[in-house]
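Derivation of every value follows stated rules applied to the coordinates shown; laboratory data play no part. Being a predicted model, the structure only gives us computed values, none of them experimental. Note that each Cβ is placed from the backbone with ideal geometry, even for glycine, and that neighbours are counted across all protein chains shown.
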Amino acid sequence: MPQVRFLGLIALGVSFVAAQQRPEFEVATLKLSPPPEGDLININLGRVQNGKLTMANVTLGDCLKFACNLSSNAQFAGPAWLNEKPLRFDIVAHTKPRTSPQQIRLMLQNLLADRLKLTTHVEKREIVYLALVPAKNGPKLQPAKPDAPQNTGPQIPGKLNHNALGMDMLTRLLARFERDTVIDQTGLQGQFEIHLEWEPSTRNNPDSPAGPSVYTALQEQLGLRLIRQKGPVDILIIDHAEQVPAAN
């Protein structure tokens with residue numbers, strides 16, 4: 001099997017491991033999702049539990065956001081089909097329980113490189129984004145308990161209750177719910193207990209009592225802030241990717 005590597009991911013905070021040491025899943029399948037039945041699509045953007053990664057009806061962009069710790073489509077660029085009419089994939093991959101989130105991201109990078117012949121590089125481009133930073137009096141976060149499940153499944157817009165969540169996944173969830181690019185600049189490592197409630201900016205229900213905005217909720221409940229910024233950001237450029245995965 002050819003050793004195809006991601007290029008430039010060190011700049012994105014995901015270091016590449018040499019081919020002879022490259023982390024890989026013990027068993028993994030990556031295949032095209034079956035055609036949807038009806039108008040509804042059940043999408044699983046990435047769930048890890050007991051060493052098992054599952055993703056369902058995900059685009060290549062969704063996979064890149066999970067694998068490369070990106071929060072929005074503004075952080076990568078590639079061929080037109082990537083966003084215009086992307087194919088969707090199902091992924092089921094197994095590794096050892098309690099494998100770190102960073103190792104799982106590296107394993108997914110290598111899986112995409114092997115099965116989709118994906119190659120990339122990184123360029124600096126100026127964009128507008130929301131920076132997630134500690135509030136003035138510092139974070140109000142409790143570390144996750146050692147036995148807390150590593151579950152990164154979907155959450156309800158306006159409510160996050162998670163026993164083990166890293167800042168990378170928190171930024172991706174906030175970006176998805178608030179439809180904006182969010183970049184982690186907290187400097188916080190590890191997993192935390194996250195309990196957050198806010199009034200999503202996309203919600204428009206006059207019968208529902210107004211709650212705090214995500215900006216207010218983050219500061220009051222977690223001791224974090226979102227600050228609007230504009231500046232150069234590492235953008236992942238997709239040089240090549242097959243639309244149909246190689247045989248599992």
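To make sure I understand the rule: partners must be aspartates and glutamates, Cα under 19 Å from the Cα of LYS140, and not fewer than 8 residues away in the same chain. Which ones qualify? In chain and number order, the partners are ASP168, ASP184, GLU193, GLU197, GLU220.
Peptides 57-68, 173-184 ranked from most to least packed by the mean count of surrounding Cβ atoms within 10 Å: 57-68, 173-184.
Fully extending the segment from LYS136 to LYS159 would add 5.9 nm, taking 0.36 nm per residue of separation and subtracting the current Cα-Cα distance.
Ordering 210-223, 75-88, 103-116 by mean Cβ neighbour count within 10 Å, with the highest value first, yields 103-116, 210-223, 75-88. Extension gain, LYS85-GLU242: 0.36 nm per intervening residue step, less the Cα-Cα distance, totals 55.1 nm. With 25 Å as the limit, the listed pairs LYS136/LYS159; LYS65/LYS85; LYS136/LYS230; LYS85/LYS117; LYS124/LYS159; LYS52/LYS124 have LYS124/LYS159; LYS52/LYS124 beyond it between alpha carbons.
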